[in-house]
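Inspection log for the structure reproduced underneath, given as structure tokens.
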Amino acid sequence: MSKGREIYGLVLAGGRSRRMGHDKALLERDGQSQLQYAYSLLGELTKRQFVSTRTDQQDDPERSRFPQIVDKYVDIGPVAGILSALETYPDADWLVLACDLPNLERRTLEYLLEHRADDKPFTAYRSSYDGLPEPLCAVYRSGSNAAIRAFVDDGLVCPRKILIRSDTELLDQPDPTALDNVNTPDDLAASVLQASR
């Protein structure tokens, strides 16, 4: 694996937002959706960008504005989007982002890309809260889908647990709040985002 490989970007937007009660990808930030914000960040740093969606989301008005990679797997959470991207474009390394990171800024992504490991399948930040890997703002190297598939085949579909059990390069976050996400209405009230209804 070489840093000379092309970097593609993936916004994970296939979640069901059950805890939030409405679609997190549609949360608004400065007049644009959080999905648009995340996609634009990737556009500044990666050669190509895609939005990860479930099959039933392809025609959603917001998601359909962007190039999509539709999940090839059902009911395994965000790892479905990650695997589908790695399998669709196997020669690229992937910068993967969740769509619900309102504090994320370009410098956090730049630091991640600049310090990604050349000899490990995954590079991720340590959580500022528990020191465990943050799998939804991470680099997944070309070829890492084989390791991910092995975990999935064994019934392990949690991206964090996959990174914990793998040879993952872990970095300290330059901004400790950058990866705070929004999962509930209380989280939303404390963030810069607004519900779009």
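What is the residue count in segment 162-178 for residues that are modelled with pLDDT under 95 and crowded, with 16+ Cβ neighbours inside 10 Å?
1
Is one or more of the residues making up segment 89-109 within 20 Å of Arg29 (Cβ to Cβ), surrounded by fewer than 21 Cβ atoms within 10 Å (Cβ to Cβ) and of a type in the set (Asp, Glu)?
So far as segment 89-109 goes, yes, one or more of its residues are within 20 Å of Arg29 (Cβ to Cβ), surrounded by fewer than 21 Cβ atoms within 10 Å (Cβ to Cβ) and of a type in the set (Asp, Glu).
Collect the residues in segment 139-173 that are in a strand (DSSP E or B), closer than 22 Å to Asp100 by Cβ and either of a type outside the set (Ser, Thr, Tyr) or without any contact (Cβ under 8 Å) to a residue 12 or more places away in the chain (or both), keeping them in residue-number order.
Val139, Leu170, Leu171, listed by residue number.
Among the residues of segment 55-86 satisfying the criterion of being surrounded by 15 or more Cβ atoms within 10 Å (Cβ to Cβ) and among the acidic types (Asp, Glu), which is nearest to Gln34 (Cα to Cα)? Before you say what the answer is, go through the steps one by one.
Initially, segment 55-86 is screened for residues surrounded by 15 or more Cβ atoms within 10 Å (Cβ to Cβ), giving 57, 60, 62-63, 66, 68-71, 73, 76-86.
With the extra rule that they be among the acidic types (Asp, Glu), the set shrinks to 60, 62, 71.
Values: Asp60: 15, Glu62: 10, Asp71: 20 Å.
Filtering segment 55-86 for residues that are surrounded by 15 or more Cβ atoms within 10 Å (Cβ to Cβ) and among the acidic types (Asp, Glu), the one nearest to Gln34 (Cα to Cα) comes out as Glu62.
Could you tell me how many of the residues in segment 43-88 are part of a strand (DSSP E or B) and of a type in the set (A, V, I, L, M)?
Total satisfying the criteria: 3.
Within the set of pairs 6 or more residues apart or between chains, which connect a residue that is within 17 Å of Pro121 (Cα to Cα) and part of a loop (DSSP other than H, G, I, E, B) inside segment 1-18 to a residue that is among the hydroxyl-bearing types (Ser, Thr, Tyr) and modelled with pLDDT of 95 or more with Cβ atoms less than 6 Å apart?
Pairs that qualify, where the first residue is within 17 Å of Pro121 (Cα to Cα) and part of a loop (DSSP other than H, G, I, E, B) and the partner is among the hydroxyl-bearing types (Ser, Thr, Tyr) and modelled with pLDDT of 95 or more, are Arg5/Ser142.
Is it true that some residue in segment 115-138 is in a helix (DSSP H, G or I) and farther than 17 Å from Ile82 by Cα? Reasoning before the result, please.
So in segment 115-138, the residues in a helix (DSSP H, G or I) come out as none.
Checked against the condition, which is being in a helix (DSSP H, G or I) and farther than 17 Å from Ile82 by Cα, segment 115-138 yields no hits at all.
Could we say that Val152 is over 14 Å from the mean Cα position of the chain (by Cα), β-branched (Val, Ile, Thr) and surrounded by 16 or more Cβ atoms within 10 Å (Cβ to Cβ) here?
yes
The values are calculated or read from the model by the stated rules, or taken from the named source; none is laboratory data. Quantities reported herein were computed from a predicted structural model and do not represent experimental measurements. FYI the Cβ positions are ideal-geometry reconstructions off the backbone, even for glycines, and counts take in every protein chain you see.
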